[in-house]
Amino acid sequence: MTPSRIHRLSLTHFRNYRTATLQVAGDMVVLVGPNGAGKTNCMEAVSFLSPGRGLRRATLEDIADNQGDGSWAVSAEVEGALGLATLGTGIDPPTGDASNSRRCRIDREPVGSATAFGDHLRMVWLTPAMDGLFMGAASERRRFFDRLVLAIDSEHSSRVSALERSLRSRNRLLEVRNYDDHWCGAIERETAELAVAVAASRGQTAAKLAAMLHERGAASAFPSAEIMLDGWMENALLREPATAVEDRYREILRASRPRDAAAGRTLDGPHLTDLQVAYAPKNMPARDASTGEQKALLIGLVLAHATMVAEMTGIVPLLLLDEVVAHLDPNRRKALFDELAKLGAQVWMTGADPAAFVDIGPTGEIFDVESGRATRRG
Ligand SMILES: Nc1ncnc2c1ncn2[C@@H]1O[C@H](COP(=O)(O)OP(=O)(O)OP(=O)(O)O)[C@@H](O)[C@H]1O
Ligand SMILES: [Mg+2]
């Protein structure tokens, strides 16, 4: 198994960090410090070493240090699927025209997008923003699940974005009173093709993850989840050939043009898929579980997923656990550290209270974070 590891992380003008470098030797990285110190910012910086918009889904401009020139950079020496590499990403100072896009480099050579980072590292995170995941909107759960898929299939987020663009083109065209039938058909063909690609990746991941959750069952200190995708296309693709599903969706799109035109959006498709989660030990919907139960369920889900990614890709994903540890009782905390050690993943954890990490063991590396500075302890 190849781990996804960071050996050195450097931030430049990244939120409240002017410049900072963290040298990391082991697999348990702990960031402790008061509220507002920059712990989550540091995790967010790490999250930009993967495809997508980072763990806050922030706009790139907002990330730049508000006392800087508008640029920001994250660079890291990593050890991953292709051995040692230097990954770099960030934006240039704004020039006034055109929107600023994220630049990415591998070993100092520019690459087209952060998708290429997936060849080196895989990563998943849990943040306090996900606390309401089971209570909130379907879109949140869909996004959470797409992130899990992305750790297996690095192209997934670009396909999801392409699908969203294609749907927007269709919705815009349907607004025109006498739109061109052929043109609409062409857009719908593209939409259906992308939809099937997105749904297929999701369906496969869901099936494998469900099996992994079942297999782990009582072996984990964290409760098992039963998961199911609530989307006809994902489920149909597990039984039928992709071409048949794609044809059916194209028919649906064609037939529902008037309805969708009236609604101003496309009312059927995998852009509306939800992730259904049940709390397996009590056989109840996750949303009915207690706050602590929901948190433990999410941790169990992420641990099962990390094990699955390792088995499927041979790459153990890096885990970012923002403010996860402090909410666990001491037994669960110990169990989390044990399960993480067994997984062999590099894990970045944060907490405002250093006491939460006393049981981390000798491999733990603690960084004291304060006003945009991170100092290694001991
Ligand atoms: N673009 C920016 N430029 C400068 N500072 C910023 C920028 N964006 C956010 N900050 C500041 O970064 C600080 C640290 O935020 P961060 O979320 O990392 O704190 P934290 O250590 O995780 O705290 P908590 O324990 O409350 O979660 C905040 O005070 C915030 O105002
Ligand atoms: Mg924080």
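At-a-glance table
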| quantity | calculated |
| --- | --- |
| Residue among Leu31, Leu49, Leu84, Leu11 that alone is more than 16 Å from ligand 2 (Cβ to nearest atom), outside any loop (DSSP other than H, G, I, E, B) and not basic (Lys, Arg) | Leu84 |
| The range 54-70, residues that are crowded, with 19+ Cβ neighbours inside 10 Å and not in a helix (DSSP H, G or I) | Gly54, Leu55, Ala64, Asp65 |
| Residue check for Thr291: touching a helix residue (DSSP H, G or I) at 6+ places or on another chain (Cβ under 9 Å) and at pLDDT below 95 | yes |
| Set Ala20, Ala25: member being hydrophobic (A, V, I, L, M, F, W, C), in a loop (DSSP other than H, G, I, E, B) and within 26 Å of Pro354 (Cα to Cα) | Ala25 |
| Number of positions in the range 208-231 that are modelled with pLDDT of 95 or more and either out of contact with any helix residue (DSSP H, G or I) (no Cβ under 9 Å at 6 or more places or on another chain) or under 14 Å from Arg142 (Cα atoms) (or both) | 6 |
| Ala356 within 16 Å of ligand 2 (Cβ to nearest atom) and either over 19 Å from Thr40 (Cα atoms) or in contact (Cβ under 8 Å) with a residue 12 or more places away in the chain (or both) | yes |
| Qualifying position, being in contact (Cβ under 8 Å) with a residue 24 or more places away in the chain and in contact with a Pro (Cβ under 8 Å, 6 or more places away or on another chain), among Pro285, Pro223 | Pro223 |
| Total residues in the range 342-363, condition open to solvent by 10 Å² or more (accessible area, probe 1.4 Å) and under 21 Å from Val124 (Cβ atoms) | 5 |
| Residue identified as at pLDDT 95 or above, open to solvent by 40 Å² or more (accessible area, probe 1.4 Å) and outside any loop (DSSP other than H, G, I, E, B) among Arg142, Arg147 | Arg142 |
| Residue in the range 109-124 that is crowded, with 22+ Cβ neighbours inside 10 Å and within 16 Å of ligand 1 (Cβ to nearest atom) present | no |
| Residues located in the range 37-53, provided they are under 18 Å from Leu319 (Cβ atoms) and either open to solvent by 20 Å² or more (accessible area, probe 1.4 Å) or of a type outside the set (Ser, Thr, Tyr) (or both) | Lys39, Thr40, Asn41, Cys42, Met43, Glu44, Ala45, Val46, Phe48, Leu49, Pro51, Gly52 |
| Helices (runs of 4 or more DSSP H) wholly inside the range 228-324 that include at least 3 residues being in contact with a strand residue (DSSP E or B) (Cβ under 8 Å, 6 or more places away or on another chain) and buried (at least 22 other Cβ atoms within 10 Å of the Cβ) | 291-313 |
| Positions within the range 74-93 being open to solvent by 40 Å² or more (accessible area, probe 1.4 Å) and out of contact with any helix residue (DSSP H, G or I) (no Cβ under 7 Å at 6 or more places or on another chain), in sequence order | Glu77, Glu79, Leu84, Asp92, Pro93 |
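The values are calculated or read from the model by the stated rules, or taken from the named source; none is laboratory data. Everything numeric here is computed off the predicted structure, so don't read it as measured data. In this analysis, Cβ positions are derived from the backbone assuming ideal geometry, glycine residues included, and neighbour counts consider all displayed protein chains. Surface areas here come from the heavy atoms of the whole protein model, side chains and all, with no ligands, DNA or RNA. Shrake-Rupley method; radii C 1.70, N 1.55, O 1.52, S 1.80 Å.
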